[in-house]
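Peer 1: One structure, as structure tokens, below. Some questions next.
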């Protein structure tokens, strides 16, 4: 599925703004045909936005179930003769979409796009009524999973196992788009080098007919540097400029469908020419070893929740550059593709992650699930879940396969991984990821402390080792010498695997402005000392090729006595202001090559 764009043959119209909104407390909207006319008893709601933090009452913020959105959109008169598509970038977690009185799409999965052809329901020069039923319910067969409990009074409570707030709504832009009857349906690229010559292998899928395909590659100045014909081909670029860290050089690939000299469709794609590979325990970019410095992050902002906002993300990118980061992980779900576009332009490396978080009943403390329950069973995460998970992996790679910033895929965060059932669940999913990506980027899961070296049955199946560890915080709390000793012991084991190791999470909750001498947990001083201690250990292992602090910024979680005001492990506050630790790690990450942080 290609994103809507404007080109000589295409046009798009953003539907963002204020929509009508209504909670469906009794889940009667479908039977009552709320989509058949104007949404009654509705209030205003921003799109894109999470609806939760718009409200001031607890029941609205914590609502579980269906809510309805509606807007009327004018279809441009000039779209006559085109296919008209309704495209949603993200609706969390389930969407049922109507054009007028006709259901046109159903989609589950809150962080990836979907679309529907509404040509028969949208006349150019007239309005079309768009209604969306959004359901935030999580079950054992959703990614991420959850369970719903119902009290004797009938109150429904959503329990989920991930440690961030279950925001809901239309989180990213919605579009009306016009495409020609014969159109580019998909484009895939694989890049490489032959000496100084850049290679761009492309493959084009066409919808609506069989026509001639022409490919043209232009440099950043708009000069054509290579051309080819056919739905599959190779473009060779003499003295190509490589895409690299801090220098996201992008070429423009124009795919044109023609009938003789008549242009039928034109689609443009940014291309960064680079290679990604693993050599023993080294992660290579363009044949050179790289060391990842950065964060696990969240799409999370005050009031907006998980809505994409360009200004907020530009601030985040500036903070990443200020602190000396060169990478991040899309923890724990695919981010807006606009974010990957920014990473492409800035030369930031990305570990792209599916929404498979919370797949571990041993971590389900405080929920309605008994921690002794099996994670994988016919009653919990089962074959149906696995099939859905596999499709999510395919959809993620289909969306993000062409982004040069993406250097690895993470198909799950902190799942149960020490049992035979876990191995049986994940082994085929890892193969799905490998077969879906023509670029053959590294694939793995992010390992949790409950499956340390010697116990995990899934990480040995992966291309690289990605581990979350909280020595000195959740274990050896406040005792940094003991934490360092524990870190050395386990990392020595992982190093014997002969694979690249990325510390995908390590961190300590820190209340901004809290100071203690000697350093106590939760103080800014302790966060600094904790990070220094972990870095001293990391620097002892050549096999460690990356350090991602958890977290970039403080973020919202479900309410509770263990998360007062959210998760406070950020090096920045939720308002994107630096804590003491941010200045400390900035000195490490901006140090000259060969110093701590490895350049």
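Peer 1: If you check 570, 546, which single one turns out to be within 22 Å of residue 285 (Cα to Cα) and either surrounded by 15 or more Cβ atoms within 10 Å (Cβ to Cβ) or touching a helix residue (DSSP H, G or I) at 6+ places or on another chain (Cβ under 8 Å) (or both)?
Peer 2: 546
Peer 1: So which residues in the range 101-112 are in contact (Cβ under 8 Å) with a residue 60 or more places away in the chain and either in contact with a strand residue (DSSP E or B) (Cβ under 6 Å, 6 or more places away or on another chain) or outside the structural domain of residue 38 (by TED's automatic domain parsing) (or both)?
Peer 2: If the condition is that a residue be in contact (Cβ under 8 Å) with a residue 60 or more places away in the chain and either in contact with a strand residue (DSSP E or B) (Cβ under 6 Å, 6 or more places away or on another chain) or outside the structural domain of residue 38 (by TED's automatic domain parsing) (or both), then 108, 110 are the ones that fit.
Peer 1: Same structure, new question: Under 6 Å between Cβ atoms, at least 6 apart or on separate chains: pull out the pairs that start in the range 207-235 with a residue that is over 20 Å from residue 179 (Cα atoms) and end on any residue that is in a loop (DSSP other than H, G, I, E, B).
Peer 2: From residues that are over 20 Å from residue 179 (Cα atoms), the pairs are 225/219.
Peer 1: Could you check, for the range 377-384, whether at least one of its residues is surrounded by fewer than 20 Cβ atoms within 10 Å (Cβ to Cβ) and closer than 30 Å to residue 336 by Cβ?
Peer 2: Yes, the range 377-384 contains at least one residue that is surrounded by fewer than 20 Cβ atoms within 10 Å (Cβ to Cβ) and closer than 30 Å to residue 336 by Cβ.
Peer 1: Given the criteria in the same structural domain as residue 464 (by TED's automatic domain parsing), touching a helix residue (DSSP H, G or I) at 6+ places or on another chain (Cβ under 8 Å) and in a helix (DSSP H, G or I), does residue 529 qualify?
Peer 2: It is true that residue 529 is in the same structural domain as residue 464 (by TED's automatic domain parsing), touching a helix residue (DSSP H, G or I) at 6+ places or on another chain (Cβ under 8 Å) and in a helix (DSSP H, G or I).
Peer 1: Go through 133, 159 for me and flag whichever is part of a strand (DSSP E or B) and within 24 Å of residue 556 (Cβ to Cβ). Give the derivation first.
Peer 2: Numbers: 133 fails: within 24 Å of residue 556 (Cβ to Cβ).
That would be 159, the only listed residue that is part of a strand (DSSP E or B) and within 24 Å of residue 556 (Cβ to Cβ).
Peer 1: Okay, moving on. For the range 177-230, please list each of the strands (runs of 3 or more DSSP E) lying entirely inside it that holds at least 3 residues being at pLDDT 95 or above and closer than 19 Å to residue 10 by Cα.
Peer 2: Numbers: elements: 183-194, 197-207, 212-218, 224-229.
Qualifying strands (runs of 3 or more DSSP E): 183-194, 197-207, 212-218.
Peer 1: For residue 461, work out the one condition from (1) at positive phi; (2) surrounded by fewer than 18 Cβ atoms within 10 Å (Cβ to Cβ); (3) in contact with a helix residue (DSSP H, G or I) (Cβ under 7 Å, 6 or more places away or on another chain) it doesn't fulfil.
Peer 2: (1)
Peer 1: So which of 518, 500 is farther than 29 Å from residue 407 by Cβ and either surrounded by 18 or more Cβ atoms within 10 Å (Cβ to Cβ) or over 24 Å from the mean Cα position of the chain (by Cα) (or both)?
Peer 2: Sole residue among the options that is farther than 29 Å from residue 407 by Cβ and either surrounded by 18 or more Cβ atoms within 10 Å (Cβ to Cβ) or over 24 Å from the mean Cα position of the chain (by Cα) (or both): 518.
Peer 1: Can you name the number of the only condition in (1) in contact with a helix residue (DSSP H, G or I) (Cβ under 7 Å, 6 or more places away or on another chain); (2) crowded, with 23+ Cβ neighbours inside 10 Å; (3) outside any loop (DSSP other than H, G, I, E, B) that residue 313 fails?
Peer 2: The one condition residue 313 does not meet is (2).
Peer 1: Which residue, of 15, 20, 39, 30, is surrounded by 12 or more Cβ atoms within 10 Å (Cβ to Cβ), over 20 Å from residue 65 (Cβ atoms) and at pLDDT 95 or above?
Peer 2: The unique qualifying residue is 15.
Peer 1: May I ask you to list pairs of residues, at least six apart or on different chains, whose Cβ atoms are under 8 Å apart, with the first in the range 574-592 being farther than 17 Å from residue 536 by Cβ and the second being at pLDDT below 95 and not in a loop (DSSP other than H, G, I, E, B)?
Peer 2: Close Cβ pairs satisfying both conditions: 574/301; 574/555.
Peer 1: Another question about this same structure. Can you confirm whether residue 549 is modelled with pLDDT of 95 or more, more than 20 Å from residue 456 (Cβ to Cβ) and in a strand (DSSP E or B)?
Peer 2: yes
Peer 1: Restricted to the range 252-281, and to residues that are assigned to a strand (DSSP E or B) and without any contact (Cβ under 8 Å) to a residue 12 or more places away in the chain, which residue is nearest to the chain's Cα centre (by Cα)?
Peer 2: If we take residues in the range 252-281 being assigned to a strand (DSSP E or B) and without any contact (Cβ under 8 Å) to a residue 12 or more places away in the chain, then 277 is nearest to the chain's Cα centre (by Cα).
Peer 1: Okay, next question. Please specify each residue of the range 94-139 satisfying the condition of being within 21 Å of residue 45 (Cβ to Cβ), surrounded by fewer than 19 Cβ atoms within 10 Å (Cβ to Cβ) and in contact with a helix residue (DSSP H, G or I) (Cβ under 6 Å, 6 or more places away or on another chain).
Peer 2: Passing the criteria: only 100.
The values are calculated or read from the model by the stated rules, or taken from the named source; none is laboratory data. The structure presented is a predicted model; accordingly, all values stated were derived computationally and were not measured. Neighbour counts run over all protein chains shown; Cβ positions are idealised from the backbone, glycine included.
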